[in-house]
Amino acid sequence: MFELTVTTHFAAAHQLKMVAHKCENLHGHNWKVEVCVAGSELDHAGLLIDFGELKRHVATVIDGLDHRFLNELEYFKNGNPSSEHIAVYIADQLTGMLKETRAKISRVKVWESENSCATYIPDAQGQPL
C-alpha cells in the first residue's frame, strides 16, 4: 500500500452553534489541511497519482473555503462547520474528483490551531464512518 500526503492552508470564519462556549461567537482560523490518499497499484511511471494533479484537486476544494464564512456554504446550512465536518466535506469533494484515479482518500486532517486538529478516516469503501 502506498500513501501520499499534500498539505495546504486556508483562512475562514465560522460560528459553532449549540456548544455553549465562546466558539458560538463569530471567529476565524488559519486552517491547515493535510490530505492523504492511498492505493496499492502504481501506474506505468511508478506513481499512485502525480502530486501536481492531487494538488490541483485539493486547491479546487480549498478555493471554495478560503476567506469565506463557512456557515453560509450550502454544505453546512444544517450543521456546524466544525473541524470534523470540514474534514468530511473535503474528503467528500475529493472523492468525486479522484474517481478515475488509483488514489482513494485515506484520511483528511484539519488543523484549526497549532495544537488542535480533527482527522476524518473514511471506511474501506470510501464511505463516511
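Just so you know, all these numbers are worked out from the coordinates, no wet-lab data involved. Keep in mind the model is a prediction, meaning the values are calculated, not measured. No Cβ is skipped: glycine too gets one built from the backbone with ideal geometry, and neighbour counts run over all protein chains shown.
A few notes on this one:
- Whole-Hz Karplus values for the range 78-93 come out as 10, x, 6, x, 6, 4, 4, 5, 5, 4, 5, 4, 4, 4, 4, 4 Hz, taken residue by residue from phi with 6.51 cos²θ - 1.76 cosθ + 1.60 and θ = phi - 60°; glycine and proline positions read x.
- With only the Cα atoms considered, the chain has a convex hull volume of 107 Å³ per residue.
- Distance (nanometres) between label positions extended 7 Å along Cα→Cβ at Leu47 and Arg102: 1.2 nm
- Under 23 Å from Lys77, Cα to Cα: lysines that are on another chain or at least 8 residues apart: Lys17, Lys22, Lys32, Lys109
- By average C-beta atoms within 10 angstrom, highest first, the peptides 77-87, 58-68: 77-87, 58-68
- Among the GluC sites (Glu not before Pro) within the range 1-65, those in coil by DSSP and having at most 16 neighbouring Cβ atoms inside 10 Å are Glu41.
- Here the range 62-129 yields Rg over Rh of 0.97, to two decimals, using C-alpha coordinates and the Kirkwood radius.
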